[in-house]
Amino acid sequence: MNDILIDMNRKHDFLICVDSDGCVFDNMELKHKECFCPATVNVWNLQSVSRYAREAAEFVNLYSTTRGANRFPAIIRTLELLGEREEAKQRGYVCPDLTLLKEWVRTTHQLSAAAIDEYVSSLEDPDPILAQAAAWSREVDANIAHIVRGVTPFPGVREAFSKFMEFADIVIVSATPHEAIVREWGENDMLKYVTEVAGQELGTKADCIRKANSGHYAPDHVLMIGDAQGDYVSAKENGVLYYPIVPGEEVDSWKKALTEVADQLKNGTYAGEAMEKALAKFDSVLLKEPRWHVK
């Protein structure tokens with residue numbers, strides 16, 4: 001069976017894997033606050049605790065070390081955090097039994113609503129929480145298709161990509177569905193910079209980095225660019241380099257990518273002190289605990 005990443009047309013000695021949402025495009029706040037949160041309140045029946053549900057969801061997806069996580073592990077974390085919050089418990093919220101959803105997340109090779117459908121069809125007793133998770137994911141996608149448009153890349157992205165593509169193959173590695181990536185990059189004339197597109201349907205980010213590499217590049221010739229700890233973990237699992245786009249400082253991060261990191265990657269000086277300094281800055285802006293846990 002062919003795989004577009006394993007079989008992609010490689011032209012260079014370097015590989016750059018890049019996340020999309022919140023990294024290249026300034027769309028994380030829009031998607032999570034206007035698309036994910038309403039679907040979460042609606043499908044998971046959180047109307048009576050909507051304020052706290054929104055705070056939990058925004059913490060998990062935007063402001064903490066789990067920023068940028070796939071939507072399914074993220075919704076599990078959101079519902080569990082909400083279940084721990086005293087204000088939500090006082091209003092009658094009880095976290096649903098997420099056992100089978102967690103098991104599916106742990107074992108699936110594709111984190112998508114379609115994969116849930118396939119999993120449910122293999123069960124003797126269908127689990128309503130799995131069906132709810134699939135319905136929620138589809139409502140999120142419908143909201144995104146309806147609301148998200150006209151979002152542009154961060155200033156400096158095009159200039160950095162123009163420089164990177166001179167010496168590196170560029171692959172989009174994202175937990176966003178393929179259709180949304182192609183639509184958003186296409187309407188901004190950004191697909192011309194990339195060799196291949198890897199959305200959530202092709203596996204985890206770590207899997208996609210591994211397949212895009214496939215032994216064709218030296219480890220210090222592969223760079224993952226992202227805005228989340230999960231992106232860094234995926235790079236680390238593959239033994240490759242990582243450059244963070246720091247949340248809140250995206251424009252400066254892309255300027256540095258253009259003026260410093262591109263040349264450091266080419267001449268072999270990014271690994272080590274330069275990367276460690278970038279990681280330290282990145283780590284300092286992401287929260288470990290929600291504010292309501294801090295006394």
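No value in this document is a laboratory result; all are computed from the given coordinates. None of the values given here were measured: they were computed from a predicted structure. With ideal geometry, Cβ positions are generated from the backbone for all residues, glycine too; neighbour counts draw on all protein chains shown.
Observations on the structure shown:
- Gyration tensor over the Cα atoms of the range 28-147: the corresponding equivalent ellipsoid has semi-axes (square roots of 5 times the eigenvalues, largest first) of 22, 17, 13 Å.
- Helix axis angle, 71-84 relative to the chain longest principal axis, alpha carbon, degrees: 40
- Acute angle (nearest 10 degrees) that the helix 128-147 long axis makes with the longest principal axis of the chain, alpha-carbon atoms: 60
- Charge dipole (Cα centre; +1 on Lys/Arg Cβ, -1 on Asp/Glu Cβ; no other charges) of the chain amounts to roughly 560 debye.
- Summarising the amide proton neighbourhood of residue 152: residues at separation of 5 or more, or on other chains, whose placed amide H is nearer than 5 Å comprise 26.
- The amide H of residue 18, built 1.01 Å from its N in the peptide plane, has 171, 172, 173, 225 as neighbours under 5 Å, considering only residues 5 or more places off or on other chains.
- Stretch gain in nm, segment residue 284-residue 149, where the contour uses 0.36 nm per residue and the Cα spacing is subtracted: 45.5 nm
- Matching the structure-derived percent of Cα pairs over 33 Å apart against the labelled list (i) 24; (ii) 50; (iii) 16 gives the label (i).
- Charge dipole (the range 132-204, unit charges on Cβ, about Cα centre) - positive-most of 186, 153, 199: 153
- Report note on the peptides 29-41, 256-268, 117-129, 226-238: ranked by the mean count of other C-beta atoms within 10 Å, highest first, their order is 226-238, 29-41, 256-268, 117-129.
- Rounded to the nearest 500, the 222 nm mean residue ellipticity of the chain from helices alone is -13500 deg cm²/dmol, with -39,500 (n - 2.57) taken per DSSP H run of at least 4 residues.
- Counting all C-alpha pairs of the range 48-111, share separated by more than 15 Å (%): 52
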